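> Supplied in structure tokens, the structure appears directly below.
The values are calculated or read from the model by the stated rules, or taken from the named source; none is laboratory data. Quick caveat, the model's predicted, so the values are computed rather than measured. In this analysis, Cβ positions are derived from the backbone assuming ideal geometry, glycine residues included, and neighbour counts consider all displayed protein chains. Calculation scope for accessible area: heavy atoms of the full protein, side chains included, ligands and nucleic acids excluded. Shrake-Rupley method; radii C 1.70, N 1.55, O 1.52, S 1.80 Å.
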Amino acid sequence: MEIRRIEEESENTVNLVIQGSQEQLERIQQVFKSGKLQEILEIPVEIEDVKITKPVAPKIEPSVVLNELALKSEKTLVNLSNWLHNVAEAGWQTVEEILGQQRTALVFATRDVTSDRRIILAEKVNFETPTASEPLALVVDVMPESEIETSISLQLHPTGDRTFLPPGIKYAVVDTSGQPVKQIQTKANDQWIRLDINGKPGEKFGVQIASNDQTETRNFVI
């Protein structure tokens, strides 16, 4: 406990600031109210007011919060360069594991390319619509064109027994500020949709799936 005397308001008044635990302060207040303080000090004492104030919580600067959010955001980035070295984040699986053998053939047929460094992985995205409750499959096809250029195909497929995607889904590639760079929308009888982009190592982008009030985003770095 700490007792600190501050400047008197008048020659007959002494102000004391007492810092301690809640229990200690409540005991002091009880002594004041019972009149035992005069007996303890053996001098006339008149108490006009006793207040217990709670300490003010330290203010967190907005920049600190933003920095923490930025760090958390960095941890959620899917690193596509690591995929080329057979290192993938949890949740990303082979296309066959997510879509099955028949639809896997369709995925590989969407780009007429042959490359030893091409890699395709998929992730299930929980996304419910009024017409479908099964997850969607986000398929990412990565192929380096050169040391400084990578070609990326971003496909969206239905899963389970569904043949077609639910209509009305907005599918977009977004920049780091969340603004769409490319965008399409599913129509009736779409079996799959696709957006293609090119990028350089270190560049970041996101894939956004949206419908009504539901939005799912996956963030990537090349």
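> Explain nothing, just the number: relative contact order of the range 75-222, from Cα pairs under 8 Å at least 6 residues apart, as a whole percent.
Once divided by the residue count of the range 75-222, the mean separation gives 21 percent.
> Also, I was wondering about something else. Once phi is turned into θ = phi - 60°, what whole-Hz ³J(HN,Hα) does the Karplus curve with 6.51, -1.76 and 1.60 give for every residue of the range 211-221, x standing for Gly and Pro?
So the J values, rounded to whole Hz, are 7, 6, 9, 10, 9, 10, 10, 10, 9, 10, 10.
> Could you go through the range 140-147 in sequence order and give the Karplus-derived ³J(HN,Hα) for each residue, using 6.51 cos²θ - 1.76 cosθ + 1.60 with θ = phi - 60°, rounded to whole Hz, and x for Gly and Pro?
Each residue of the range 140-147 in turn: 10, 10, 10, 9, x, 8, 7, 5 Hz.
> Would you tell me the accessible area of GLU123, worked out with a 1.4 angstrom probe on the heavy atoms of the protein chains, in Å² to the nearest 10?
30 Å²
> Quick query: amide H of PHE127 versus all other amide H atoms, modeled in the peptide plane; which residues come in under 5 Å with a sequence gap of 5 or more or a different chain?
Here the answer is LEU136, since their amide H atoms fall under 5 Å of that of PHE127.
> Could you run the Karplus curve 6.51 cos²θ - 1.76 cosθ + 1.60 with θ = phi - 60° over the range 84-99 and give me ³J(HN,Hα) per residue in whole Hz, x for Gly and Pro?
5, 10, 6, 10, 10, 6, 4, x, 8, 10, 5, 4, 5, 5, 8, 10
> Another question, if that's okay. For the range 163-222, what's the relative contact order in percent, using C-alpha pairs closer than 8 Å and at least 6 residues apart?
35 percent
> Now for a different question. For the range 82-222, what does the alpha-carbon gyration tensor say about shape, rounded, prolate or oblate, given a ≥ b ≥ c as the root eigenvalues, a/c under 1.5 as rounded, and a/b over b/c as prolate? Can you show the working numbers first?
Values: a/c = 1.79, a/b = 1.28, b/c = 1.39.
Here the range 82-222 falls in the oblate category.
> In nm, to one decimal, how far is the modelled label at GLU128 from the one at GLU96, with both set 7 Å along Cα→Cβ?
3.3 nm
> Take the alpha carbon gyration tensor of the range 155-222, find the square roots of its eigenvalues, order them as a ≥ b ≥ c, and report rounded if a/c is under 1.5; if not, report prolate when a/b exceeds b/c, else oblate.
Here the range 155-222 falls in the prolate category.
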